[in-house]
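See below for the structure under consideration.
Laboratory data are not the source of any read-out in this text; all were calculated from the coordinates shown. Everything numeric here is computed off the predicted structure, so don't read it as measured data. Cβ placement follows ideal geometry from the backbone for every residue including glycine, while neighbour counts extend to all protein chains displayed.
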Amino acid sequence: MPKKTGNTERKEQIRSDALRKVRGRALFIEDIPHDRLLHGATARSPVPHGLIRGFLNIDEVRAMEGVRAVLTAADIPGENTVPFVKDDYPCLAGSEVKFRGQPLALVAAETRDQARAAAEALKADIEEYPAVFEAVDAMRPDTVRVGGDDNIHSSYRIRKGDIDEGFRAADIIVERIYRNSHQVHCYLENMGMTAVPSPSGGVVVSGSMQCPFYVHNALVRVTGLQYSKIRVLQAETGGGFGGKEDMPSLQAAHTALLALKTGRPVRIIYDRREDFIAMSKRHPVRTRIKYGASADGKITACEAEYIVNGGAYCTLSPIVAWRGLIHITGPYEIPNIMADSYVMATNTVPCGAFRGFGQPQANFANESLIDELAEKLDMDPLELRRKNLLKTGSVTATGQRIGESCGMEEALERTVKRISFRRRKSGDPGVKKRGMGLSVTFYGVGLGAEGKYFAKSGAQVYVKEDGSVLVAVGNVEMGQGSETVFTRICADTLGCPYDMVDVLEPDTTRVPDSGPTVASRATMVGGRAVLDAALKVRDALTRSAADIIGVRPFDISVSGHKYVSSDGREAEYIEVVRAAYARREKMAAQGWYRVEGVSFDEKTGQGDAYPVYTFSANACEVEVDTETGQVKVLRLVAAHDIGKAIHTPSAEGQIQGGAVQAVGYALYENLVLEKGRILNPSLTGYTVPTSVDVCDVVPIIVESPYPEGPFGAKGLGEPPMVGPAAAVMNAIYDACGVRVRKTPCLPEDIMEELKKIT
Ligand code: MTE
Ligand code: MOS
């Protein structure tokens, strides 16, 4: 492992993508010009469930001004499926349509308006079926069938110890139901994709996406082309938050079909309304959870049932519900556990990945219930957490022993100290009451045992004659800072200045399949691939440095921008590069990393679910206006044990951004559906926190190094979103004595609960 450079540059470096983005030089998909560009648009289902008998006016639509192609399922040259976990999501609805907004047909036209007008004009002949919209309704045996024989997209279970024995040993038992509604990603840049036919008969697709290799796989299936005829490029991506994990595959398939059909470049960009209506969301969840504890506060048992509304197609729901389930008992050592998760099929928009991947819902339930348990035990909720927290050597719900990188206690202690945690127990006089709340979380980094097939990453590092470096990676930058992380890992390893490293646009023809950029895995897994490649080139540079200095290679180490021998003689990085070129050393290398050692037994739910965990604590102070129900989060402190911060400002930014997104989840974001129809598909109708709502978020970075990670790093992207909602709810309870067991917790919910107690 390279030594830390320890120079001042480390502190001062700004993110490598910052300048091009703030100066408007970054090119997003809409900014890239193409000759003879056609615009694509999608005709969508007006009903939530039905049988498509055909199209009533397809010839007239084909004859509309500017229209160059109209495609339906019958025109798909390959398979009519976009592969996710199952292959159930059709590229275009064939005979059955299962949700409002499902793609039925595609149009390409000379202008965007013409394309949209044509898509709008296309009339499908649909026989409407009865539909089901709620997960619990989809469970009824006599209801409408949306997916399979039982409407269960997937289910998982955990069985640990003896659950009956665990509850018998308890002095106090609490059981509650918590509910979460949808959450919309609201990335700044809507989904967008361009496809350009290539001379070889293939297609080049570029777009706003998290997972170029998923897109590549989907294009192979839908077009029937071989892998080598397809090239996928990730364009600059204006936020993803999980929303650009699965859905780009669908949009790319649509765009590519139109391009291959017309022989011209085609671009599809959704407007905000279409993006809201048809793209994935965070899953609505209903969690029933029960803790038992002895009078001294030891948790003896936990039972949980986690029911997820997956929407019409399965997409990534099984993995989301799996992650939710693995973490649902909280970051506590509990001997007896029985937990089940179900993903139900309904006639609503399919839900998918969203920062935290099922964990924000699970954590909201278990961390609210911990406070309710503390109250019944007449115990401080902080004490109750301390008593049960996971630490090195503890065993998780899946029977996994926590290894050495466990900063859970440190994260909690630093958080409560920083915010001067104290509870008011609704003791404030007056209308506006303040209170504090806590939550703790753990987060399995990467895809874990159920996604291990994708748990790999590749990279290439090329050192050029002038010492500048090109890095090709398979994991993407979407705002979270991975480009800066890869730059630093590479530069610190080679001893070169940060501004000499350029990370190339991810391109599926330049690096091997590196899995998706999800599950907070880019730093830990992609970073290891970059490190692996950089270390190989460094070997060659080290031999050259040894040559210049006149020592043996093992005597050389890298310090700052120098190669140094043990007796203190030095050669500058650039001098070493020149010597390496003179020696005809290979100045390029491929790196590879795959995650090993994870397991999961589907019968018992036991196994080493993830390679390692990030541990986090959140505490906040809120003010509740008891006359209006308005809640203001005044301060939030969040500590995360991430092993090692590779670029501290980016890591702090992730903590702050995630916390704000989570406060929105807790208090504002309310997607309203009526019979599967989204009633507020816009940023005016759906409220997200803006700069005026943002509270003071204090990030604390805890570093408990993970030896397998690059420089000791684990993952951070998602954890900041997981815990704050429960902390907010616990603080509201502390402030005014009411507990709302759902997200979002709106002013009217608080007023209703307040009425009950006054
Ligand atoms: N931060 C920004 N600014 N934009 C994003 O789209 N996505 C989040 C998180 N932070 C996201 C973000 C999600 S869902 C994930 S999985 C991680 O970043 C992915 O990046 P990482 O692997 O580098 O943590
Ligand atoms: Mo993040 S939801 O894993 O893309």
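Taking only C-alpha pairs under 8 Å that are 6+ residues apart, what is the relative contact order of the stretch 456-594 in percent? Don't skip to the answer; put the middle values down first.
Working: 284 pairs, mean separation 48.2, N = 139.
Contact order relative to length: 35 percent.
Could you list VAL220, VAL485 so that the one with the fewest beta carbons within 10 Å of its beta carbon is first and the one with the most is last?
Values: VAL220 18, VAL485 30.
Going from least to most buried by this count: VAL220, VAL485.
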Item checked: Bins of 10 Å, starting at 0 and running to the largest distance - Cα pair percent for the stretch 33-96 -> 16, 42, 32, 10
Margin query: Just to confirm the filter: which GluC sites (Glu not before Pro) across the stretch 572-623 are DSSP coil and have at most 11 other Cβ within 10 angstrom of their Cβ?
Written below: GLU596
Notebook entry, point to check: Under the definition of Cα pairs under 8 Å and six or more residues apart, what whole-number percent is the relative contact order of the chain?
Noted result: 15
Notebook entry, point to check: For THR626, THR484, THR348, what's the fewest-to-most ordering of other Cβ within 10 Å of each Cβ?
Noted result: THR626, THR484, THR348
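So what's the stretch 197-351 giving for Rg/Rh, alpha carbon basis, Kirkwood Rh from the mean inverse pair distance? Write down the numbers at each step before the final one.
Numbers: Rg = 20.9 Å, Rh = 18.2 Å.
Rg divided by Rh gives 1.15.
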Item checked: Anisotropy class of the stretch 456-594 from Cα gyration tensor, a/c 1.5 cut -> prolate
Margin query: What whole-number distance in Å separates the alpha-carbon centres of the stretch 352-422 and the stretch 708-722?
Written below: 17
Notebook entry, point to check: Quick one: Debye curve from the C-alpha atoms of the stretch 212-269, no solvent, what's log10 I(q)/I(0) at q = 0.15, 0.20, 0.30 Å⁻¹?
Noted result: -0.43, -0.75, -1.41
Check: log₁₀ I(q)/I(0) of the stretch 649-694 at q = 0.15, 0.23 Å⁻¹, via Debye over equal Cα point scatterers, no solvent, to two decimals?
Finding: -0.48, -0.82
Check: LYS755: which lysines have alpha carbons under 26 Å from its alpha carbon, excluding same-chain residues fewer than 8 sequence positions away?
Finding: LYS376, LYS425, LYS432, LYS433, LYS632, LYS742
Margin query: Which of rounded, prolate or oblate describes the stretch 302-425 when judged by the alpha-carbon gyration tensor and an a/c cut-off of 1.5?
Written below: prolate
Checklist line | Whole-angstrom gap from the stretch 486-543 to the stretch 554-574, using each part's C-alpha centre | finding: 22
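Would you mind computing the Rg to Rh ratio of the stretch 545-636 from its alpha-carbon coordinates, Kirkwood style for Rh?
Numbers: Rg = 27.4 Å, Rh = 19.8 Å.
A ratio of 1.39.
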Check: Which order do MET193, MET279, MET209 fall in if you start with the one that has the fewest other Cβ atoms within 10 Å?
Finding: MET279, MET193, MET209
Notebook entry, point to check: How many angstrom separate the Cα center of the stretch 727-758 from the Cα center of the stretch 150-177?
Noted result: 27
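Dividing the alpha-carbon Rg of the chain by 2.2 N^0.38 Å yields what? Walk me through the numbers before you get to the answer.
Working: Rg = 26.7 Å, N = 758, 2.2 N^0.38 = 27.3 Å.
Here the answer is 0.98, to two decimals.
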